[in-house]
Amino acid sequence: MMDAEQQNQIQIKRDALNMDVMSLRPEHFQDLAHVGAILTELEEFASLMDGFGQPQFSKILKELGHRLGQIVAELSPYESGLEEFQQIHEQFDNALELLYAGDQEDAEKILIHALDSKSTALKNLESQDHYSNYAEIIQHCTEEMKGDETLAEFIGETEEGLQKAEETLLRLEEDFEDQKAISSIFRVFHTIKGTAGFLGLSELGSLAHRTEDLMVQVNEGEREITLEILNAILCATDGLSKLISQMKAMIAGMNSEVQLIGGHSLRYLPHISEVEPVDLREAYQLLDHLLSDEVSKSTQVSENPTPETISATPPTHSEEQKTLTETHPEAGQNLTNTSKSSTTTEVAKTNENVAATQVMDMLKIPAFKLDELSEFIGEMVVALSVLSQNPTIANLEDRELHDRLDQLNKITEQLRDRILSIRMFPVKNVFSKLTRQMRDLSKKSGKQVKLTIQGDETLVDKTIIDSIYAPLMHIMRNTVDHGIETPEERKAVGKPQEGTVQLSAHHLGDSILIEVRDDGRGLDRQKLLSKALERGLISERENLTDQQIFMFIFTSGVSTAKEVTDISGRGVGMDVVKREVEKLRGKISVETETGKGTAFLIKLPLTTSIIEGLVVRLGENRFVIPILDVHLTLIPKKDQLYDVQDRESECLILAGEVIPIMRLHEFFDVEADVMVPEEAIIVVVKYGEKKYGLMVDELLHRQQIVVKNLGETFVNLPGITGGTILGDGRVGLILDPETLIHRSHNINMTIN
Amino acid sequence: MNDLFENSEGKLLTFLLGTQEYGIKILEAREVVGMMHIDPVPHTSDFMKGVINLRGKIIPVIDLRTKFKMPEVPPTNETCIIVVDFGNAFTGIIVDFLIGVTRIEEVSFEETPQMSANIRAEFISGMAKLEDRVVIVLELKNVLSAKAMVSIPTNQPEIAL
């Protein structure tokens, strides 16, 4: 029982605190002085309660201070963090009321409950370190790891390991008995735990450890794999991935503006606004639940771990082969079958063997070194062609010299091909990530979607691998959200309840074609049309082909989704997808059939740095037209040319098709030798379904060119996408038919 | 201007445009090359002469005379291109005559003095008085601002095809 004086002192503090908590708004967190004052108050209140022999009260006040600090430091989101803070405060206030009434016991019960409540409130006290311990990471970054390769290596390895674990988990989902997969997952987490511990990254380490605990039980046959376990591990994998990417972001943006908040015992925290706090609670909850849940363990708990599952099997011949095929997917295709059949008899293998072999076979090289190499080889190819085109050399009648030059040319070309192939990786890396996303998407949307994958061994340039994931992800999202109908709708139209999305990749000449094909409802032609009208993209009278209308899906602000969901439907997105694909010098198109489904087709060049180009002359200027865009070239006959309104020879009729002629010299405002189409050479370029004739003076030659950026100065230059060094050492500008066509003046065509 | 005296130790690379001596901070200069063939780039401002191939790199070249509204003169043997490194991008600037490296004292430097109307003050960071002459120190950042270089014709709004 407390005396009146104590109660009075407490009441003063209580009133002040109540006022502050009630008036606390998210925007106050911008004002550190304001929050600092509350923190001081909480601390004083806590020591007051300590002084009155109320350690429970003191503890909860400290916790409140801790929480507030986390919100300020952006470790907890404002909204939910504040809500929880207020909940705890309310409990505290209730307890205080009971204390006044002399009910010490009940008061403490409330407090203990508040502190122990697993679900929301004070789980945090014990798991404060589980809630993304930034300070720890940053401390490492700044003090020890700056310029230290260990951390970079760890990040790289962990990313790789996590991705592998994710792929394996998905495989495990298909086949719970896959012992090899189980031990492989186990090893990934084991390694992360170990290295994280070594580096002192306890945050990562402890989550990996918890996951490993669970995997040990599975690995040793103590419990059966269940979907629940897989989910928990996937969740933990996500958490770890997020932590890793956060570390990356932090190392990248090391501008740690260190803030000391309110002079309190808060740790030094960086202000990195782009980084969102990682919430690991779900992962921990799932794991802890499973680990504490004895019932679900399988009944035959073996006392000893089954020796054969973890004992080291000496590397067999087939194992080495397998590793070889993994490291060199393109080289080992014919080996795969034989090795597969011979491995089936072996139950389990340790990954140490695999790892050891890989270390011997693989070299990790910083990517920029390869980029340098491909740039140099590009230069070499060009320099060599300059040399071959040199008139003095070309006129020499020295047979041996020309033979040698040819040989040098051949070797250089081979060298270039080899160097480019180093940069090639199977699209599998991207596809497997998408598989994972698809799983989550279909769960989230409540639709049943099956993803089938074809051609994931297709090799593409690393640049493409790195940048194609986001656009594909976006398409997938749209597909699941809009394309695929709900199970009920599907049933009603006689389709199987489960929708199918087909993701495939294959080579098509010098390019690679990636397709996302669904069997959903198809695009709504009418809706796209009315959206386009609504947004003033077209006028009522325009006569558009279906293909033109469907292409509106790639226009900003046109979304056919009836309502915006958290997956997609805001009408931004497909235009971004198109831009991303174009950045890679690719093309995107869409095919759709009402009720049958939609397919998005992405055509990408094999490599983004070297393209085949047609060099044309226009007066003094030389331009390069990418061969991929060239349909044909011709010298027009008089009867092929038609006038439009008052302009002569505005278009060309080719096989019944009207092709508008673009006077490039007018567009670029440059001097040209030939001013009329009758005397010019026309290069017909294709963009989507449309063809345009570009008027040029002369076709010079066809050559492989190294695409170079023109730099910041010339961003958004209409009609031009880059530059290259031509055979004579001068600069040629690479034409971009798409922006040319968009910018051209002739949009509505009518033949006189 | 701290940059000039702290990092560049007051050293300028100076050159002539007409009869006036101009200078840029030595740290901004990369190299000097003789006049070479410049390939024009369409849709750019008149002072943007085009691009050159500098050992495999494509870099834009601007004519300071045109930029400063001075009359154009045909290139001579003395005309050269100073390659400057500005914000990770190389740019060449055409000058009439290269003088060399000159060191100036902080006391003799006067920041952005009043200029007559025909020269734009933001291009100039200050003037340095030397014994026998005055050097105009350029503010390259403003001279080379990328915004002014591309002149995109205004067309009707884009429509997707």
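The values are calculated or read from the model by the stated rules, or taken from the named source; none is laboratory data. What you are looking at is a predicted structure, and each value in this text was computed from that prediction instead of being measured. Using ideal geometry, Cβ is built from the backbone for each residue, glycine included, and neighbour counts are taken over all protein chains shown.
Structure values in brief
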| quantity | calculated |
| --- | --- |
| Residue within region A:687-696 that is buried (at least 18 other Cβ atoms within 10 Å of the Cβ), free of Cβ contacts under 8 Å to residues at least 40 places away in the same chain, of a type outside the set (F, W, Y) and under 23 Å from A:K578 (Cβ atoms) present | no |
| Meets criteria (within 14 Å of the chain's Cα centre (by Cα), under 30 Å from A:H665 (Cβ atoms), away from chain A (no Cβ under 14 Å) and assigned to a strand (DSSP E or B)) for B:I62 | no |
| Filter result for the condition that a residue is in contact with a Lys or Arg (Cβ under 8 Å, 6 or more places away or on another chain) and not aliphatic (A, V, I, L, M), over A:F368, A:F425, A:F376 | A:F425 |
| Enumeration of residues in region A:89-104 that are under 15 Å from A:K59 (Cα atoms) and buried (at least 17 other Cβ atoms within 10 Å of the Cβ) | A:H89, A:Q91, A:F92, A:A95, A:L96 |
| Any hit, region A:394-405, residues being touching a residue at least 24 places away in the same chain (Cβ under 8 Å) and outside any strand (DSSP E or B) | no |
| Residue in region A:235-247 that is more than 30 Å from A:Q179 (Cα to Cα), buried (at least 21 other Cβ atoms within 10 Å of the Cβ) and at pLDDT below 55 present | no |
| Some residue of region B:43-56 being out of contact with any Cys (no Cβ under 8 Å at 6 or more places or on another chain) and away from chain A (no Cβ under 14 Å) | no |
| In region A:697-726, the residues that are assigned to a strand (DSSP E or B) and at the interface with chain B (Cβ under 7 Å from one of its Cβ atoms) | A:K708, A:G723, A:I725 |
| Strands (runs of 3 or more DSSP E) completely within region A:483-597 that count 2 or more residues being at pLDDT 80 or above, more than 23 Å from A:R439 (Cβ to Cβ) and within 21 Å of the chain's Cα centre (by Cα) | A:511-518, A:587-593 |
| Top-ranked residue of region A:406-428 - restricted to ones that are part of a helix (DSSP H, G or I) and under 23 Å from A:S467 (Cβ atoms), ranked as nearest to the chain's Cα centre (by Cα) | A:K428 |
| Filter result for the condition that a residue is in contact (Cβ under 8 Å) with a residue 40 or more places away in the chain and in contact with an Asp or Glu (Cβ under 6 Å, 6 or more places away or on another chain), over A:L172, A:L204, A:L227 | A:L172 |
| Close pairs (6 angstrom Cβ cut-off, 6 or more residues apart or separate chains): free of Cβ contacts under 8 Å to residues at least 40 places away in the same chain in region A:82-106, of a type in the set (D, E, K, R) anywhere | A:L98/A:D106 |
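Here's the yes/no breakdown for (1) surrounded by fewer than 16 Cβ atoms within 10 Å (Cβ to Cβ); (2) modelled with pLDDT of 85 or more:
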{"position": "B:R65", "(1), (2)": "no, yes"}
{"position": "B:F86", "(1), (2)": "no, no"}
{"position": "B:L138", "(1), (2)": "no, yes"}
{"position": "B:I152", "(1), (2)": "yes, no"}
